[in-house]
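Novice: Got a structure for you, written out below as structure tokens; questions coming shortly.
The values are calculated or read from the model by the stated rules, or taken from the named source; none is laboratory data. All figures in this text were calculated on a predicted structure; none of them were measured in a lab. Reconstructed Cβ throughout: ideal geometry from the backbone, glycine too, with neighbour counts over all protein chains shown. We work out accessible area using only protein heavy atoms, side chains counted, and drop any ligands, DNA or RNA first. Shrake-Rupley method; radii C 1.70, N 1.55, O 1.52, S 1.80 Å.
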Amino acid sequence: MVQVERYKFSGIYTVVDREQKSIATKSLVPGTSVYGEKLIKIGEDEFRLWAPRRSKLAAAIKQGLTEMPIQPGSKVLYLGAASGTTVSHCSDIVGPNGVVYGVEFSQRTVRDLVQLAATRPNILPILDDARHPTRYAPLVSGPIEVVYQDVAQPDQASILYENLRAFCSFGAWGMLAIKARSIDSISNLDEIYSREIAFLDSKGLDIVENINLDPLEKDHRFIVCRVTEDMS
Ligand SMILES: C[S@@+](CC[C@H](N)C(=O)[O-])C[C@H]1O[C@@H](n2cnc3c(N)ncnc32)[C@H](O)[C@@H]1O
């Protein structure tokens, strides 16, 4: 028998199916699998299993994330949306009263995101480079409560900060998946993470979580930070 329980974060569930425990979100669009994930129907509700090897946010939860700023009703700016694997789970979590703006600069990839958004009105795809927030600012109706960033670029931390500065105010959250080898292919991993964290710290952001995603995502760290100072 399949068992579903609420997880400690609002909008996230634990599903136990034949002794296999997974996290899941309640689907906004029942009957549709976005990336081949398993669907579990319980009464009127359908749950989408959230694969930690396919989504760094799921990996961070599995590795012990304690603060989850993305909640029902949240306004999220997601940088590096790709075809929408993690965005689709964020869309389930924020629900009909929230919104996920998905920024992606690959034209080919954004087509899948646009298709996904056609069935999920709370996803708003933006084809642009996350390094230029002023270009897409007219498309974003602020303020944004959470900037999520997974672009795997050398200037990841600065991209996160510039977007927080453009769209957020005091109390907003940043979530960053650092891919060490996109930043520096030689240095020691801890040195790379320390440099990125020092950069965020120097901008006045409060580092709330620092989670090692190994072995689910090799050479990745997941950082949660918070705006606690004026960024103007
Ligand atoms: C690791 S993938 C993201 C996976 C996605 N976050 C998920 O979990 O479903 C990184 C994505 O960021 C995009 N990207 C990289 N640099 C970018 C930039 N400067 N602006 C917008 N998108 C960017 C890439 O095209 C790629 O689709």
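Novice: I need the strands (runs of 3 or more DSSP E) fully contained in the stretch 114-206, keeping only those with at least 1 residues that are within 19 Å of Tyr101 (Cβ to Cβ) and out of contact with any strand residue (DSSP E or B) (no Cβ under 8 Å at 6 or more places or on another chain). Talk me through it step by step, then tell me what you get.
Specialist: On the way: elements: 123-127, 146-149, 173-179.
Once the strands (runs of 3 or more DSSP E) in the stretch 114-206 are filtered for at least 1 residues that are within 19 Å of Tyr101 (Cβ to Cβ) and out of contact with any strand residue (DSSP E or B) (no Cβ under 8 Å at 6 or more places or on another chain), nothing remains.
Novice: What's the number of the condition Ile144 fails, among (1) within 11 Å of the ligand (Cβ to nearest atom); (2) open to solvent by less than 30 Å² (accessible area, probe 1.4 Å)?
Specialist: Unmet condition: (1).
One line per residue, one yes/no per condition, for (1) free of Cβ contacts under 8 Å to residues at least 12 places away in the same chain; (2) more than 18 Å from the chain's Cα centre (by Cα); (3) under 19 Å from Gly80 (Cα atoms):
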| residue | (1), (2), (3) |
| --- | --- |
| Ile144 | no, no, yes |
| Gly171 | no, no, no |
| Arg181 | no, yes, yes |
| Asn210 | no, no, no |
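Novice: Ok, one more. Which condition does Gly64 not pass, out of (1) farther than 16 Å from Ile223 by Cβ; (2) surrounded by fewer than 21 Cβ atoms within 10 Å (Cβ to Cβ), if it passes all the others?
Specialist: Of (1) farther than 16 Å from Ile223 by Cβ; (2) surrounded by fewer than 21 Cβ atoms within 10 Å (Cβ to Cβ), only one is false for Gly64: (1).
Novice: Which residues, taken from the stretch 182-204, are exposed (fewer than 14 other Cβ atoms within 10 Å of the Cβ) and in contact with an Asp or Glu (Cβ under 7 Å, 6 or more places away or on another chain)?
Specialist: Once the filter is applied, which keeps residues that are exposed (fewer than 14 other Cβ atoms within 10 Å of the Cβ) and in contact with an Asp or Glu (Cβ under 7 Å, 6 or more places away or on another chain), the stretch 182-204 yields only Gly204.
Novice: Between a residue in the stretch 96-110 that is without any contact (Cβ under 8 Å) to a residue 24 or more places away in the chain and near the ligand (Cβ under 6 Å from one of its atoms) and any residue that is part of a loop (DSSP other than H, G, I, E, B) and open to solvent by less than 10 Å² (accessible area, probe 1.4 Å), which pairs come within a Cβ distance under 6 Å, given they are 6 or more apart or on different chains?
Specialist: Within 6 Å, no pair qualifies.
Novice: With respect to Thr14, determine if the residue is under 22 Å from Leu113 (Cα atoms) and either open to solvent by less than 60 Å² (accessible area, probe 1.4 Å) or assigned to a loop (DSSP other than H, G, I, E, B) (or both).
Specialist: Details: under 22 Å from Leu113 (Cα atoms): no; either open to solvent by less than 60 Å² (accessible area, probe 1.4 Å) or assigned to a loop (DSSP other than H, G, I, E, B) (or both): yes.
So Thr14 does not fit the description; no.
Novice: What number of residues within the stretch 152-177 are modelled with pLDDT of 95 or more and over 22 Å from Asp230 (Cα atoms)?
Specialist: 1
Novice: Tell me which of these Ser232 doesn't satisfy, since it passes every other one: (1) in a strand (DSSP E or B); (2) not aliphatic (A, V, I, L, M); (3) not assigned by TED's automatic domain parsing to the domain that holds Ser106.
Specialist: Among (1) in a strand (DSSP E or B); (2) not aliphatic (A, V, I, L, M); (3) not assigned by TED's automatic domain parsing to the domain that holds Ser106, Ser232 violates only (1).
Novice: Tally time: how many residues in the stretch 127-142 are without any contact (Cβ under 8 Å) to a residue 40 or more places away in the chain and under 28 Å from Asp219 (Cβ atoms)?
Specialist: 5
Conditions (1) of a type outside the set (Ser, Thr, Tyr); (2) surrounded by fewer than 18 Cβ atoms within 10 Å (Cβ to Cβ), marked per residue:
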{"site": "Ser74", "(1), (2)": "no, no"}
{"site": "Leu77", "(1), (2)": "yes, no"}
{"site": "Ser91", "(1), (2)": "no, no"}
{"site": "Arg108", "(1), (2)": "yes, yes"}
{"site": "Gln115", "(1), (2)": "yes, yes"}
{"site": "Pro121", "(1), (2)": "yes, yes"}
{"site": "Asp129", "(1), (2)": "yes, yes"}
{"site": "Ala172", "(1), (2)": "yes, no"}
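Novice: Among the strands (runs of 3 or more DSSP E) lying completely within the stretch 37-110, list those that include at least 3 residues that are within 23 Å of Leu164 (Cβ to Cβ). Can you show your working first?
Specialist: Values: elements: 39-42, 45-49, 75-79, 99-104.
Correct list: 75-79, 99-104.
Novice: Continuing with this model, one more query. Just to be sure I understand the filter: pairs with C-beta atoms under 9 Å, separated by 6 or more residues or on different chains, first member in the stretch 185-201 and in contact (Cβ under 8 Å) with a residue 40 or more places away in the chain and under 24 Å from Asp230 (Cα atoms), second member among the polar types (S, T, N, Q) and in a helix (DSSP H, G or I). Which pairs pass?
Specialist: So the pair list comes out as Glu196/Gln156; Phe199/Ser158.
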